[in-house]
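Visitor: One structure follows; several queries about it will come next.
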Amino acid sequence: MGSRSLGPRLTAISQHINICIDNIVNQPRDLHLWDCCCDHGFLGRSFLSQPSLHTVHFVDRISSIMQQLDTKLAADCLPDQQARAQTHIGCAADITLDTQAQHIVVLAGIGGNTLIELLDGIYQRHNASEQQIIFALCPNYHCYDVRRYLQQQYFELISEAYIQDRNKSHEIMLVGSAY
Ligand SMILES: C[S@@+](CC[C@H](N)C(=O)[O-])C[C@H]1O[C@@H](n2cnc3c(N)ncnc32)[C@H](O)[C@@H]1O
């Protein structure tokens, strides 16, 4: 799936993640990407050919969405891409991150307050300040609340962007807590 089919918002998120991946590929740990609240899974699917990634995880709490995605992955993806994809039905706050690996967790296309709840759930359960987790965030709204939460929890800003997509503005933030 090329960046043209992603649209400006998902393309910008993907570009920031790719720069981030370029900066961490020489680390010895396996790198996992989590497309949380994935819905159509367009973002995660665009990373299935990225050789630096060990696994691309797709997470959504709606089982019918994940069944459709499983069907699309089986129909559209090459065997090596399918082998790299894992789908999960459930709340994104409950994902389990392998402590021996490195993770990029995407939370995009959801409201800011939901995003904070999910991010906080993942962060608190994984003692993320001692583990290498990078979060790629793009809330639909309540960006001020998201930024305030990030400051309170001492997240470090890796990169950010402000983009327009179909007359809506979006803030993209890549943050980490262990450097
Ligand atoms: C608008 S779509 C966003 C799709 C994609 N991330 C994007 O940015 O285009 C929102 C999706 O989030 C899912 N969702 C909402 N809350 C969730 C939660 N707590 N855990 C997992 N998925 C959730 C919904 O089921 C829906 O499919």
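Visitor: Percent of Cα-Cα pairs per 10 Å bin, from 0 to the last occupied bin, for the stretch 119-179, please list those.
Guide: Taking all Cα pairs of the stretch 119-179, the binned fractions are 21, 53, 21, 4 percent.
Visitor: No solvent, one uniform scatterer per C-alpha: report log10 I(q)/I(0) for the stretch 35-121 via the Debye equation at q = 0.25 1/Å, two decimals.
Guide: -1.36
Visitor: What list of whole percents do you get for P(r) of the stretch 60-179, with Cα-Cα distances grouped in 10 Å bins up to the one holding the largest distance?
Guide: Percent of pairs per bin, in order: 12, 38, 34, 15, 1.
Visitor: About its Cα centre, how strong a charge dipole does the stretch 22-61 have in debye, to the nearest 20, once Lys and Arg get +1 and Asp and Glu get -1 at the Cβ? Walk me through the intermediate numbers first.
Guide: Details: 3 positive and 5 negative charges, 12 e Å.
Roughly 60 debye for the stretch 22-61.
Visitor: Towards the positive end of the charge dipole of the chain, with charges on Cβ (+1 Lys, Arg; -1 Asp, Glu), say which of Phe155, Ala93, Asn167 has the farthest Cα.
Guide: It is Asn167.
Visitor: Further, regarding this structure: According to a simple spin-label model (label point 7 Å from Cα along Cα-to-Cβ), what is the distance in nm between Ile19 and Asn140?
Guide: The modelled label-to-label distance comes out at 2.7 nm.
Visitor: Percent relative contact order of the chain, based on C-alpha pairs within less than 8 angstrom and at least six residues apart?
Guide: Reported as a whole number, the value is 22 percent.
Readers should treat all values here as calculations from the given coordinates under stated rules, not as data from a laboratory. Every value quoted in this text rests on a predicted model; they were computed, and no experiment measured them. All Cβ positions, glycine included, derive from the backbone under ideal geometry; neighbour counts span all protein chains shown.
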